[in-house]
Every structure is written in C-alpha cells, then in structure tokens.
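Report on one structure; see the data block that follows.
The values are calculated or read from the model by the stated rules, or taken from the named source; none is laboratory data. This one's a predicted model, so the numbers in the text were calculated from it and none came from an experiment. Reconstructed Cβ throughout: ideal geometry from the backbone, glycine too, with neighbour counts over all protein chains shown.
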Amino acid sequence: MASQTEENYLKALYSLSVGKNEVNISELSASLNVSNPTVNSMVKNLKTKGLVKYEKYKPLSLTEKGRKAAALIVRKHRLTEMFLVEKMGFGWEEVHEIAEQLEHVNSSKLFDRMDELMDFPLVDPHGSPIPDRSGNISESAYEPLSKFSVGRKVKLAALGHSSTEFLKFLNSRELSLGTEIEIKSIEPYDGSMVLSYQNHASETFTKAVCESLLVERVG
C-alpha cells in the first residue's frame, strides 16, 4: 500500500499527465512545492515499486500500475466532493480540503457505497469526470468559453480549475454548472466577454476566467 506522500505524488503526476504522456521533474516539483532533489528521491522509490517509468535527466511517466493507482485516488477525491455537496449540503467551494484528507482512506467499500448512494455520478461538483472502480475514466470534450464567438449559446459543463477563490468568484456572479450562457460581445483588445445568463443581462468576464469555463454547445 502506498503512503500518503506517495499517493500525493501519483495524483500530481496523473493531473500533470492529462493530454500528454511525460512529465518533467521540474513540473512535478513546482506542482508539489518541493525541491527537485526531494522529487528525485521519491520518484526513484516509486520506480522501485513499479509505479513510474524514469531515467535520470529524462521525463517520467506513470506505468499502467501507477496510472490505475493514481486514478483510484482521484476517484476517492471526486466521489467525496460529490457526496459532500449532494448528500451533506456543502458548497462546491468548501469540499476540496476535506476530500484531500479522505482520499487517503484505504477502503474501496466505503467509496463504492458513496458511489451507489449517489446513483453512480459521472462527474464531481466541478464537472470533472469520476474514474470507475477499475480506474477507467471518460474524459470530456468540452471547450473553453473563450473559443466561441458573439451570439453563440452554450451551457457551462465543467471548470478548467477549481480553486476556492475561483469558485467563490463564480458564486458571487451566480454562475454554476448547467447555466446556459449567451455571448453578447467580445472586447478585441483583451478578449474579455460580456455574457448574458439567467437573471444577468450583461456581465463582463476576463479572458482568463472565460478560458477556465468549459462549455458545451446549445442547439
């Protein structure tokens, strides 16, 4: 069984590997906020356990064993977040730190029961897909709102990131998953967008925010 620190490394590698197969030591170091020598030491340990592929001075990647182990950690995290929101009434901005702790609980039975009680949700409260019991995951094909043009109607389906500050910002704008949005105008200079949704006839969002709003087309 992997230690909590090892699980944190695996989850970070899993996240950094989305859309690519290999990760640099420096990327992993920055993600975990630890030094390169510390990362090197842990990576060697994970390699010994058959969880990563790594050669000195070269990028590293998860083995199939490591990928599955990481996916199951992500599963526990995302199921916990969904359970806290759906069954316990937490806000989507309140659940990350709690899930960070519970993801290390070594009980597949507990998380399978959570899954069952929620009727097997496919995504977490932020729209990120939840891996199944075997560690398989169906990645979504949503696109950033910033890629769409004026007049387009879309629906907010997921978030590019889910920091507490970002979620609180979206709360303040009354913008949540499932909200239908119409792009009213785009500022040529900085790419900011004026959006219309629900009771908001005209709300301006920066390009950076729009890049983190993942949407699907409506109609």
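Inside the stretch 160-219, can you point out the residues that are more than 30 Å from Ala99 (Cα to Cα), among the β-branched types (Val, Ile, Thr) and in contact (Cβ under 8 Å) with a residue 40 or more places away in the chain? Correct list: Val218 only.
Does any residue of the stretch 54-61 turn out to be exposed (fewer than 14 other Cβ atoms within 10 Å of the Cβ) and hydrophobic (A, V, I, L, M, F, W, C)?
Restricting attention to the stretch 54-61, the residues satisfying the condition of being exposed (fewer than 14 other Cβ atoms within 10 Å of the Cβ) are 55-58.
From what's left, hydrophobic (A, V, I, L, M, F, W, C): none.
Checked the stretch 54-61: no residue is exposed (fewer than 14 other Cβ atoms within 10 Å of the Cβ) and hydrophobic (A, V, I, L, M, F, W, C).
Within the stretch 184-196, track down each residue that is assigned to a strand (DSSP E or B) and either closer than 17 Å to Arg78 by Cβ or more than 25 Å from the chain's Cα centre (by Cα) (or both). Step through it out loud before you land on a result.
Going through the stretch 184-196, the residues assigned to a strand (DSSP E or B) turn out to be 184-186, 193-196.
Those that are assigned to a strand (DSSP E or B) and either closer than 17 Å to Arg78 by Cβ or more than 25 Å from the chain's Cα centre (by Cα) (or both): Lys184, Ser185, Ile186, Val194, Ser196.
Can you tell which of Val39, Val34 is modelled with pLDDT under 95, farther than 28 Å from Ala141 by Cα and assigned to a helix (DSSP H, G or I)? Even if it seems obvious, please write down each step before you answer.
On the way: Val34 fails: assigned to a helix (DSSP H, G or I).
That would be Val39, the only listed residue that is modelled with pLDDT under 95, farther than 28 Å from Ala141 by Cα and assigned to a helix (DSSP H, G or I).
Which of the residues spanning the stretch 184-214 are of a type in the set (Val, Ile, Thr) and either closer than 13 Å to Val150 by Cβ or not assigned by TED's automatic domain parsing to the domain that holds Ser172 (or both)? Lay out the reasoning, then the answer.
Step one: list which residues in the stretch 184-214 are of a type in the set (Val, Ile, Thr), which gives 186, 194, 204, 206, 209.
Within the stretch 184-214, Ile186, Val194 qualify.
Just to be sure before I move on: is Thr80 surrounded by fewer than 19 Cβ atoms within 10 Å (Cβ to Cβ) and either at pLDDT 95 or above or among the acidic types (Asp, Glu) (or both) in the structure I sent? Criteria not met by Thr80. For the stretch 1-21, filtering for residues that are closer than 22 Å to Glu143 by Cβ and part of a helix (DSSP H, G or I) leaves 2.
When the residues of the stretch 3-41 are filtered to those that are buried (at least 19 other Cβ atoms within 10 Å of the Cβ) and touching a Phe, Trp or Tyr at 6+ places or on another chain (Cβ under 9 Å), the one that is farthest from Glu64 (Cα to Cα) is Val39. The set of residues in the stretch 90-104 being more than 12 Å from Pro125 (Cβ to Cβ) and part of a loop (DSSP other than H, G, I, E, B) consists of Glu103, His104.
Taken over the stretch 55-71, residues that are in contact with a helix residue (DSSP H, G or I) (Cβ under 8 Å, 6 or more places away or on another chain) and either assigned to a helix (DSSP H, G or I) or closer than 24 Å to Phe169 by Cβ (or both) amount to 5.
Residues in the stretch 82-115 that are farther than 19 Å from Arg133 by Cα and of a type in the set (Val, Ile, Thr): Val85, Val95, Ile98.
Would you please name the residue that is surrounded by the most Cβ atoms within 10 Å (Cβ to Cβ), looking only at residues in the stretch 128-179 that are assigned to a strand (DSSP E or B) and out of contact with any Ser or Thr (no Cβ under 9 Å at 6 or more places or on another chain)? Lay out the reasoning, then the answer.
Of the residues in the stretch 128-179, the ones assigned to a strand (DSSP E or B) are 129, 143-144, 153-159.
Filter once more, so that each one left must be out of contact with any Ser or Thr (no Cβ under 9 Å at 6 or more places or on another chain): 143, 153-154.
On the way: Glu143: 15, Lys153: 15, Val154: 24.
Among those residues, the one meeting the criterion is Val154.
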